[in-house]
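So the structure is just underneath, and the comments pick up after that.
The values are calculated or read from the model by the stated rules, or taken from the named source; none is laboratory data. Everything numeric in this text was worked out from a predicted model, so none of it was measured. Virtual Cβ from ideal backbone geometry, glycine too; neighbours counted across all protein chains shown. With ligands, DNA and RNA removed, areas are computed over all heavy atoms of the protein, side chains included. Shrake-Rupley method; radii C 1.70, N 1.55, O 1.52, S 1.80 Å.
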Amino acid sequence: MRRRIIALTTGLVFFLGCTIILIHFYLTIDRVTRSSGARLQGIVTTAALAVDGDLHTALNECLSRSCPGYKKLSSYLRKVQQSVGLDTEIYTLARSGEGTRFVVRTHTAYPVGSPYDLRDEMRPVFDHGESVITGIYEDSYGEWISAYAPILDSRGKVVALLEADFRVQRLMDELRTEINEFARLLLLFMLLAIGLAWREAHKLTEPLNQLTAAVDAIAQGDDTAPIPDSAPSQIGHLARRFGSMRRTIIASRKSDQLATVGRMAASLVHDLRGPLQVISGMSELVQGEDDEQERVAVAGTIYEQSRRMEAMCRDLLDFSRGEYELRPSSFRSSTLLEEVTKDLAAIALARRGRLAVSISSNAVVCADMDKMRRLLYNLGKNALEVTPPDGVVEFGCDGNLSSWSLYVKDEGPGIAPEMAAGLFKPFATHGKANGTGLGLAIVKRITEAHGGAIRVESAPGEGATFIVDLPHQSPKELLSPIGLESGSRSSSS
């Protein structure tokens, strides 16, 4: 887990760093293109207006520096170049076949009439008389930004274009150097992030690993494994509850209730594994999550799973004391089914089973939501364990004016008549490989605590349906505790 957290953190830092580099690179290019291009466009647009198009047409036919008017036009362009401080020449290009050719140049070392490619950016100038700014491009002489403006004759026809260039090679080299330096800083920051992630991962995972090891150890009968005494709030709370439970188990093992308490601990360990795995996975995700809403959602899941484990501990403590204390609330029966199927989704996926919900009545009922959720969870988990792959476990609810009911139906092998009589007795596993014998016993006690009854309809080879019948009651009627031995409510004044 620690390695996954570090890998996730490193990948996130690398992604963010590369994103920053790319954004900086493209913003710089955009800024250079805009500022330099706008300046060049102003230069060529203004200068092109002063060029005599008819004279340029004659020079295009002559193509020699000795042609009449060439010196005058070349001198004018040289003055423009010097006045605006360009260190590259200004020149004119005329169409020639499928390409272009140089007509007037300010640099005397370069020949007149030599061919040049017709760039795509030049076509709007020749075809429509538009002024154009190029992006940064590269040729055999380096990297450039260019601007083009049309030269018109006396009839308004485009006879050539005027081009001015800005060399960006040095700027691009500086930008690359800057990016290389930033990349080195990114590498250093990644190493720092790995160190911090390792420390935070250790702080988060070490208590979880210790707690998981303690849970596994007590399941094997070892009650000496250390429990983390300093951990994040939810994990710390869980560790303290587990520590309290373990101390109770240790004390009980010194009495004549050793076997009973051992089985209860095994039941708790069996049920705690699922929420612990969820908390472990969510804790890993929250380390690399930047989105605040996602962090809140993950924190909510961790909190919900912690409450589930606390409720499991409380159920077993109630079972060991011989009574249940209910915390009634009002809710719709469909909400209860939705929460339970959500809790069982991972188990169903692992066993390749499917969950189905059938709602005949969606009345508002009054009960202890957490205990009813535990009841259906136990029944659903048992159903998934006996249902073959691709089988369906169905949850349903029904009701009338005086009562309501829940049922869980599986597609397993069914229950033999000789087993049905002792099905709800504590520690009766009926041959289950990983059973603890407390699941159905707790289901029966929760049902009786609500003044209801549970029954099973089954035949060998035809699956089983567990039905919980419950009366409609007010919160006041539900508040008196129920004795586990009698199965009836104690009176209260």
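Go ahead and run the numbers for FRET between A416 and E206, Cβ-Cβ distance against an R0 of 35 Å, rounding to 0.05. Once the sixth-power term is evaluated, E becomes 0.15. Per residue, the accessible area of the stretch 36-108 comes to 49 Å² when a 1.4 Å probe rolls over the protein heavy atoms.
Sequentially through the stretch 126-134, phi angles give Karplus couplings (6.51, -1.76, 1.60; θ = phi - 60°) of 5, 7, 10, x, 8, 8, 9, 10, 7 Hz, Gly and Pro residues having no value and appearing as x.
If R0 is taken as 35 Å, the Cβ-Cβ distance between R31 and L349 corresponds to a FRET efficiency of 0.10. Using the Cβ-Cβ distance between K157 and E178 with R0 set to 56 Å, the FRET efficiency from 1/(1 + (r/R0)^6) comes to roughly 0.75.
Starting with the highest mean, order 115-121, 446-452, 389-395 by the number of other Cβ atoms within 10 Å, averaged over the residues of each peptide.
446-452, 389-395, 115-121
Spin-label pair R170-S329: with each label point 7 Å from Cα along the Cα-Cβ axis, the two points sit 7.2 nm from one another.
As a quick test, which of the pairs K381/K444; K381/K476; K342/K409; K425/K476; K79/K157; K371/K444 have an alpha carbon distance above 21 angstrom in this structure?
Working: K381/K444 15 Å; K381/K476 31 Å; K342/K409 17 Å; K425/K476 29 Å; K79/K157 26 Å; K371/K444 11 Å.
K381/K476; K425/K476; K79/K157, as the Cα separations exceed 21 Å there.
Here the accessible area is traced with a 1.4 Å probe on the protein chains. For the stretch 141-180, carbon and sulfur cover 49 percent of it.
Could you calculate the contour length gain from N362 to E292, that is, 0.36 nm times the residue separation minus the distance between their Cα atoms, to one decimal place in nm? Don't skip to the end; give the middle numbers.
Numbers: separation 70, 0.36 × 70 = 25.20 nm, distance 3.50 nm.
Full extension from N362 to E292 adds 21.7 nm.
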